[in-house]
Amino acid sequence: MTVIKINAITVAAEMGGELARRFAARAGAVDGQDGFEGFELLEPTDGRDVWLVVTRWRDEESFEAWKNSESFAHGHRGTEGSGGPGGAHGGGGAHGGGDAPPPVSMSAELWSYKISGGSTGG
């Protein structure tokens with residue numbers, strides 16, 4: 001059963017571009033993780049300051065295994081409370097050194113869902 005993890009990241013308007021840049025720099029970093037089914041970075045278009053990182057996982061165990069992996073730790077150095085690719089604070093994974101860039105977010109929450117209905121659009 002697919003589980004959905006949504007990282008709701010509050011970002012000042014002037015930092016949105018930096019958040020997107022950091023995600024682009026790490027594009028594909030989680031693709032090989034067992035149980036990972038995909039993700040989207042959603043930029044608000046209605047004046048909100050909350051960006052969403054929507055990830056899909058085969059099951060809760062796959063998500064937890066990724067959170068406990070070295071790959072996750074590498075991509076989230078210098079962040080706290082992270083729950084999706086790129087981290088709650090934009091992640092430091094774009095930099096290979098020990099000094100992570102400063103966070104781009106003001107706050108973040110991790111939401112968890114399962115799919116209970118929908119349509120394929122076909």
So, in segment 54-78, of the ones that are at pLDDT 95 or above and of a type in the set (Lys, Arg), which residue ends up most open to solvent (accessible area, probe 1.4 Å)?
Arg58
Of the residues Ser116, Ser112, Ser82, which is assigned to a loop (DSSP other than H, G, I, E, B), at pLDDT 85 or above, closer than 29 Å to Met1 by Cα and of a type outside the set (A, V, I, L, M)?
Ser116
Residues of segment 21-40 being open to solvent by 30 Å² or more (accessible area, probe 1.4 Å), within 14 Å of Val104 (Cβ to Cβ) and within 11 Å of the chain's Cα centre (by Cα), which ones?
Arg26
Considering (1) modelled with pLDDT under 90; (2) open to solvent by less than 50 Å² (accessible area, probe 1.4 Å), say which one Pro103 fails and leave the rest.
(2)
List pairs: first in segment 39-62 and under 22 Å from Gly28 (Cβ atoms) and of a type in the set (Ser, Thr, Tyr), second modelled with pLDDT of 95 or more and open to solvent by less than 50 Å² (accessible area, probe 1.4 Å), Cβ under 6 Å, 6+ apart or cross-chain?
Thr55/Lys5; Ser62/Gly35
Identify all residues within segment 1-17 that are open to solvent by 50 Å² or more (accessible area, probe 1.4 Å) and outside any loop (DSSP other than H, G, I, E, B); write none if there are none.
Ala13, Glu14, Met15, Gly17
Taking segment 41-53 and keeping only residues that are modelled with pLDDT of 95 or more and more than 16 Å from Ser105 (Cβ to Cβ), one is left with Thr45, Asp46
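The values are calculated or read from the model by the stated rules, or taken from the named source; none is laboratory data. Just so you know, these numbers come straight off a predicted model, no measurement behind them. No Cβ is skipped: glycine too gets one built from the backbone with ideal geometry, and neighbour counts run over all protein chains shown. Surface areas here come from the heavy atoms of the whole protein model, side chains and all, with no ligands, DNA or RNA. Shrake-Rupley method; radii C 1.70, N 1.55, O 1.52, S 1.80 Å.
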